[in-house]
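Encoded as structure tokens, here's the structure I'll be asking about.
The values are calculated or read from the model by the stated rules, or taken from the named source; none is laboratory data. Being a predicted model, the structure only gives us computed values, none of them experimental. As a convention, Cβ positions derive from the backbone with ideal geometry for all residues, glycine included, and neighbour counts pool all protein chains shown. Each accessible area value is taken on the protein alone, full model and side chains, heavy atoms only, with ligands, DNA and RNA left out. Shrake-Rupley method; radii C 1.70, N 1.55, O 1.52, S 1.80 Å.
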Amino acid sequence: MATRSWWGWGTVEAAPGRAEEDELLGRVRALLPDAVLEDHAPPDPRTLDLPRVRVDPPPSLAPLCSSDAVDRAAHTHGKAFRDVVRNLEGLLEHPPDLVVRPTSERDVVDVLDWCSGAGVAVVPYGGGTSVVGGVEPRFEGPAVSLDLGRLDRVLEVDRTSRAARIQAGTPGPLLEAGLRPHGLTLRHFPQSFELSTLGGWLATRAGGHYATLYTHIDDLTESLRVVTPVGVCESRRLPGSGAGPSPDRLFLGSEGTLGVITEAWVRVQDRVRWRATVSVGFEDRDSAVRATRAVAQSGLYPTNCRLLDAAEALLTTGELVGGGVLVVAFESADHPVDPWLARALELTAEHGGRPLQAGTREDAGEEVPTDPAASWRSAFLRMPYHRDVLARHGLVVETFETACTWDRLDAVHESVVAAARDALARVCGGGAVTSRFTHVYADGPAAYYSVYAPGRWGSTVAQWDEVKAAVSEAILVAGATITHHHAVGRDHRPWYDRQRPEPFATALAAARRALDPAGVLNPGVLLPAGGTPQS
């Protein structure tokens, strides 16, 4: 069984080997020739001086609880850059007092009852892949990390309705393995797929595999079952309903502040048989954006429609193009998709697009190995592991993601890039900024930015914080959203507080007080720990 890294992304076995690491650092030296690339190995968590445990669970829950130092260290932070660096530096200020692993929904009820009565905060924990401080007990006072990893089964499959009832702690690979014997798939593949869980996807409104149409887990949710401190809430299984505000919508994206999702019915589909992919190069960014918008507004609904800018394309696919590369893909369980791909190529050609490589496959056919789309997908899955290597070597590495309407895109893009470059120059002495579209809609794209800069070991978290604040401010002022699919957590709260309408904040605070009277659920996420909209 693979060993999870306590300090960084993924598993110890999947971490880059020496050859992969050397190749990565070689690219960094070419990009940032003045960077000092000194390795900083993670400490042994058993040697860290963690704060003492402040709570004793009731005897009935004691078998579910762990106060082991490695357990507590691994559940202290998520997997953002600042989390990884603090782990590398041994700075674990707010570890949970206990890690609690329920084996049933009854256990979850009992934990919430105990914590509500004892005034112990509860931080729900799925795969621990939050990059916004969503699983960190960043507050004073006792806390438990409620790790749902033992609630990991596909409980029921409704083949007729094409739906499945699945426990919230089920990670992506195990979920797909449970559906495969039925010829079904959820096909929700976020970058964190190997580690993150269904409950985490639901609680954070995660974005997944589909670049159009079914972009968020919301679109695949049929029904939720949620344990709150005041009772269990289960919505009715329905294909759609106009009966008032949706109870599912209340809990989707609530990030563990209103209740603990224990299971869900999700909409699944037959396994894909036909795929067709093309990569299209452009000479200038404006043409690439117009072509992407044309495809997004065509009604073709490609599975993949991701635009990589010139720098991103070069770094991840090796393609040297002036305006970037658009990766377009279609897939179906029912029919060949080549006509859809052909029409997408016609649309991109109208804006000067030049096909770089195309590939079609049925069933288990292999993809064209030189396809830039395949190269980018491989790089995409390795990015978090590579981020850890760069963090260990003292670089500042960050991603920002947002969404805006097409009419605001140019202003948002220029503002974000300018803010990032200015902050990097001021804080790090310079750096590189790349961008891509991760998802597209008829009315706008979801834009994703990456920054790479030399850091000063011991100061990289402060450098990250300053760059993060500058770019987040630019995003909000330009009229975009502070997050499209990374969630709010604690890191995005200052900007989320300003983005949401004040009456909605009041209603959200009232819902929290009603469902969590003791205020123990994930304090500081979405709302201040006191539960009122004001900071």
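Could you report segment 1-129's accessible area per residue, 1.4 Å probe, as an integer in Å²?
Spelled out: the 1.4 Å probe surface of segment 1-129, per residue, equals 47 Å².
Continuing with this model, one more query. Could you order peptides 268-281, 148-161 by the average number of other Cβ atoms within 10 Å of their residues, highest first?
Most protected by this proxy first, the peptides run 268-281, 148-161.
Can you give me the long-range amide H partners of Asp516? Hydrogens built in the peptide plane at 1.01 Å from N, cutoff under 5 Å, separation of 5 or more residues or another chain.
Result for Asp516 returns nothing.
Among 247-260, 454-467, what's the highest-first ranking by average C-beta atoms within 10 angstrom per residue?
247-260, 454-467
Could you list which residues have their amide H under 5 Å from that of Tyr441, counting only those 5 or more apart in sequence or on another chain, with H placed in the peptide plane?
For Tyr441, whose amide H was placed from the backbone, the distant partners under 5 Å are Ala446.
Share of segment 121-194's accessible area from carbon and sulfur, percent, 1.4 Å?
Carbon plus sulfur share of accessible area: 47 percent.
I would also like to ask the following. Tell me the GluC sites (Glu not before Pro) within segment 1-42 that lie in a loop according to DSSP and have at most 16 other beta-carbon atoms within 10 Å.
Those satisfying the criteria are Glu13, Glu38.
Further question: Read phi for every residue in segment 506-513 and hand back ³J(HN,Hα) as whole Hz from Karplus 6.51 cos²θ - 1.76 cosθ + 1.60, θ = phi - 60°, with x for Gly and Pro.
Along segment 506-513, the couplings run 5, 5, 5, 5, 5, 5, 5, 4 Hz.
Just check segment 201-262 against the gyration tensor rule for me: Cα atoms, a ≥ b ≥ c as the square roots of the eigenvalues, rounded for a/c under 1.5, and otherwise prolate or oblate depending on whether a/b exceeds b/c.
Cα axes put segment 201-262 in the oblate bin.
Does segment 443-535 classify as rounded, prolate or oblate by the C-alpha gyration tensor (a ≥ b ≥ c root eigenvalues; a/c under 1.5 gives rounded; else a/b over b/c gives prolate, otherwise oblate)?
oblate
As a test of the definition: which semi-axes, in Å, follow for the chain when you take the square root of five times each eigenvalue of its alpha carbon gyration tensor? Largest first, please.
After diagonalising the Cα gyration tensor, the semi-axes are 36, 29, 23 Å.
Would you calculate a helix-derived [θ] at 222 nm for the chain, using -39,500 (n - 2.57) for each DSSP H run of n ≥ 4 and dividing by the full residue count, to the nearest 500?
-10000 deg cm²/dmol
If packing is taken as the average number of other Cβ atoms within 10 Å across a peptide's residues, how do 90-96, 166-172, 403-409 rank, most packed first?
166-172, 90-96, 403-409
Kindly write out, for segment 170-179 in residue order, the coupling ³J(HN,Hα) from the Karplus curve 6.51 cos²θ - 1.76 cosθ + 1.60 (θ = phi - 60°), rounded to whole Hz, with x marking Gly and Pro.
With coefficients 6.51, -1.76 and 1.60, one gets 6, x, x, x, 5, 4, 5, 5, x, 8 Hz.
Can you report the principal axis dimensions of segment 35-97 using only the alpha carbons, biggest first, rounded to whole angstrom?
Result, largest extent first: 54, 22, 16 Å.
If R₀ is 51 angstrom, what is the calculated FRET efficiency for the pair Thr506 and Asp56, using the beta carbon separation as r and rounding to 0.05?
Efficiency, from the Cβ-Cβ distance: 0.85.
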